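Inspection log for the structure reproduced underneath, given as structure tokens.
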């Protein structure tokens, strides 16, 4: 689905990604964890084709959709219009009905203006908008940021279900505990490099990762 | 019909032209953040083209339609130059459109000379009111209504609004932001062209009429801070009516100043309010 | 860059003597534009403001000198009053309109100029649309400046004066504050730079330069009309300032010289026998437009700052 090898991305003289290799296979749910400024969002923007790598190889297959950091809903439009635009590339499949079945929380909000919703509701709309394109792989940037634990748990539940139906996910999270809990495999990004990778259980068990990103004392 | 009614209808007719010009500015500004200084040139180019097409024997309606179409195409060209180069800021875009407005002078004088021109509109009068004013009002109502529907009811309109609201997210869902900008320029150009085509039978047009038009359009649009189509219509009509009343009861010499003073008052009042908000 | 200044200085001193009469007029008008453009470039480059009404201050200066000298004020006093009146007017309108930014200020300054022109056209005391005629020559202590050559050197002196004032302003504490103001307003404000006062100061100084140019213009031509200061003149100033490089004094001078010379060359080409009557205006509009667009898109800093960087 996503196969990135030795990606290098620079902003002017600053190197944001310095030889990063990440892969997400079909149906897999993979986490990317790391502190602020580690290069996570740069990697997301590169994978989604918004940034161009200076070096390295990037191959993606299947349909890819992005839930951007900070939701980035279209504030003046209604929830339903936001969802419709999620299928902008696919003129024939702009019917929003299936999203309301997947995310029934959105049904009462459909005529509301997206800009006036709560953070949790907005994240749900952003998820719905990304699912509108019937993606094969979903990239979610900072899903839990600024949301109440109960809201996060709800979103995570939806994500698990979609994953169970075969959707591949690349989950970018500062909340490493949540990420490792949801995903089978994870990468740890630090200063533009992958410093650790492997099955979630293994990473969660490693003292290094645990102290640096899980806030646990060894 | 009384004098007052006549002035009102004339004013609403003029106001429609301002509202159309202003709506063009709004459509372009909302999507691209560029204040298109060449907005008045669309009107002039459209109107001058119609004079030529009518002289060539094309029937009314067809000639006017082609004039508007040409203005829309010119809009796309303006958009390409003003926003096509990656990294062009909206400020740079404003200066570029200023340059394009001057370039239009060269083109217009080359093809049509520097004397004012006009062409006949809808003949006749109803109750002392030139029928053409009623045509202006009717066409404007239909076109602005259709534009509102485009934005509110079609996915293309939603995509335009989405691009204006959040270009990053628009790109993330696959909307081609540059193409949306060019489409906005096309709509803006056509609206400007329509204003020129409608107003020319009652008000001659020459190559440098663009400044007065863009200033009036901007004055209309500034009421809604260049982003609100409804307030732009209100602003345009208000401006047209006040102008007609000033022209009718005071002196025609003060007519064109109305828009300028209106604009300055709105701008300064708005800035004053913004300062208050910032200080609070 | 030193040699460039030397060439310019020698050129400014020698050219008036060697130029043919018609060319001398162009030289004088070039210098007058340069004065207004130095001011505008300062305003746009150092205060980050776009003005489409700079020619209004030229008009104010010209009408001030013209009206005073018609009412028998000493010509020198009438000339000195021109920049003063323009600066005062700038302070009066600057207080409300300098709170505007970007396109808003651009349209506001444009509106003010159109208003001024229509007031002048309608005012009996200003000669209406016909304007002021039969204005006296400038005279200083019995010496009357009645030759084009006199005005050429007067203009050279004027350009030197405004350039020196602009240079002092740019390299003063005020100038440093202004640079901060153009780049990061909030930071400047936080560090105690009186943003509003400085912006008003540049606006007034910039207006004074244009006003002085207008004053000299009035004595040089001997007549004035609202039509001498069209909106297009303001746009011309913007083209010159942008092409030369905003915020650069040398850029303003080069921009004014370059545009004037190019337009003049094209005009003389376009007035050759056999050329259509519309050729001069078509060519000059096209040149203004294309130069402006090309520079904004491809040399966004303007010619002089770009050359400086690459040297």
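The values are calculated or read from the model by the stated rules, or taken from the named source; none is laboratory data. Just so it is clear, the structure is predicted and the values come from calculations on it, not from any experiment. Methodologically, a virtual Cβ is constructed for each residue, glycine included, from the backbone with ideal geometry; neighbour enumeration extends over all protein chains shown.
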Residue selected from the range B:93-125 under the condition surrounded by fewer than 18 Cβ atoms within 10 Å (Cβ to Cβ) and part of a helix (DSSP H, G or I), by the criterion nearest to the other protein chains (Cβ to nearest Cβ): B:110
Quick one: count up the residues across the range C:264-311 that are part of a helix (DSSP H, G or I), closer than 27 Å to residue B:112 by Cα and away from chain B (no Cβ under 12 Å). 5
Of (1) farther than 26 Å from residue B:78 by Cα; (2) in contact (Cβ under 8 Å) with a residue 12 or more places away in the chain, residue B:264 fails just (2)
Looking at (1) buried (at least 17 other Cβ atoms within 10 Å of the Cβ); (2) at pLDDT below 95; (3) part of a helix (DSSP H, G or I), find the lone condition where residue C:8 falls short. (1)
Scanning the range A:106-128 residue by residue, the ones that are out of contact with any strand residue (DSSP E or B) (no Cβ under 8 Å at 6 or more places or on another chain) and buried (at least 16 other Cβ atoms within 10 Å of the Cβ) total 9
Residues within the range C:39-69 that are within 20 Å of residue C:119 (Cβ to Cβ), over 14 Å from the mean Cα position of the chain (by Cα) and touching a residue at least 60 places away in the same chain (Cβ under 8 Å), tallied: 5
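Residue-wise test of (1) more than 12 Å from chain B (Cβ to nearest Cβ); (2) in a helix (DSSP H, G or I); (3) touching a strand residue (DSSP E or B) at 6+ places or on another chain (Cβ under 8 Å).
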residue: C:43; (1), (2), (3): yes, yes, no
residue: C:50; (1), (2), (3): no, no, no
residue: C:55; (1), (2), (3): yes, yes, no
residue: C:58; (1), (2), (3): yes, yes, no
residue: C:73; (1), (2), (3): yes, no, no
residue: C:80; (1), (2), (3): yes, yes, no
residue: C:84; (1), (2), (3): yes, yes, no
residue: C:92; (1), (2), (3): yes, yes, no
residue: C:116; (1), (2), (3): no, yes, no
Can you name the residue in the range B:151-161 that is within 7 Å of chain A (Cβ to nearest Cβ) and either in a loop (DSSP other than H, G, I, E, B) or without any contact (Cβ under 8 Å) to a residue 24 or more places away in the chain (or both) and is also surrounded by the fewest Cβ atoms within 10 Å (Cβ to Cβ) among such residues? B:155
Inside the range B:73-83, the number of residues satisfying the requirement of being more than 9 Å from chain C (Cβ to nearest Cβ) and surrounded by fewer than 24 Cβ atoms within 10 Å (Cβ to Cβ) is 4
Which ones in the range C:118-164 are assigned to a loop (DSSP other than H, G, I, E, B), closer than 30 Å to residue C:254 by Cα and in contact with a helix residue (DSSP H, G or I) (Cβ under 7 Å, 6 or more places away or on another chain)? C:137
If I filter the range A:142-149 for residues that are in contact with a strand residue (DSSP E or B) (Cβ under 9 Å, 6 or more places away or on another chain) and closer than 20 Å to residue A:47 by Cα, do I get at least one hit? yes
Unique match (being in contact with a strand residue (DSSP E or B) (Cβ under 7 Å, 6 or more places away or on another chain) and within 14 Å of chain C (Cβ to nearest Cβ)) among B:44, B:34: B:44
With B:164, B:190, B:148, B:195 as the choices, which residue is within 30 Å of residue A:128 (Cα to Cα) and crowded, with 21+ Cβ neighbours inside 10 Å? B:164
Considering each residue of the range B:165-211, count those that are touching a residue at least 60 places away in the same chain (Cβ under 8 Å), more than 22 Å from residue B:74 (Cβ to Cβ) and assigned to a helix (DSSP H, G or I), and give that number. 0
Tell me, which residue of the range A:55-101 that is more than 8 Å from chain B (Cβ to nearest Cβ) and at positive phi is surrounded by the most Cβ atoms within 10 Å (Cβ to Cβ)? A:71
Selected residue [in a loop (DSSP other than H, G, I, E, B), touching a strand residue (DSSP E or B) at 6+ places or on another chain (Cβ under 9 Å) and exposed (fewer than 14 other Cβ atoms within 10 Å of the Cβ)] from A:35, A:26: A:26
State which residue pairs qualify: first residue within 8 Å of chain B (Cβ to nearest Cβ) and inside the range C:94-105, second residue assigned to a helix (DSSP H, G or I) in any location, beta carbons under 6 Å apart, and separation of 6 or more residues or different chains. C:96/B:268; C:97/C:108; C:99/B:271; C:100/B:267; C:100/B:271; C:100/C:108; C:103/B:94; C:104/B:267
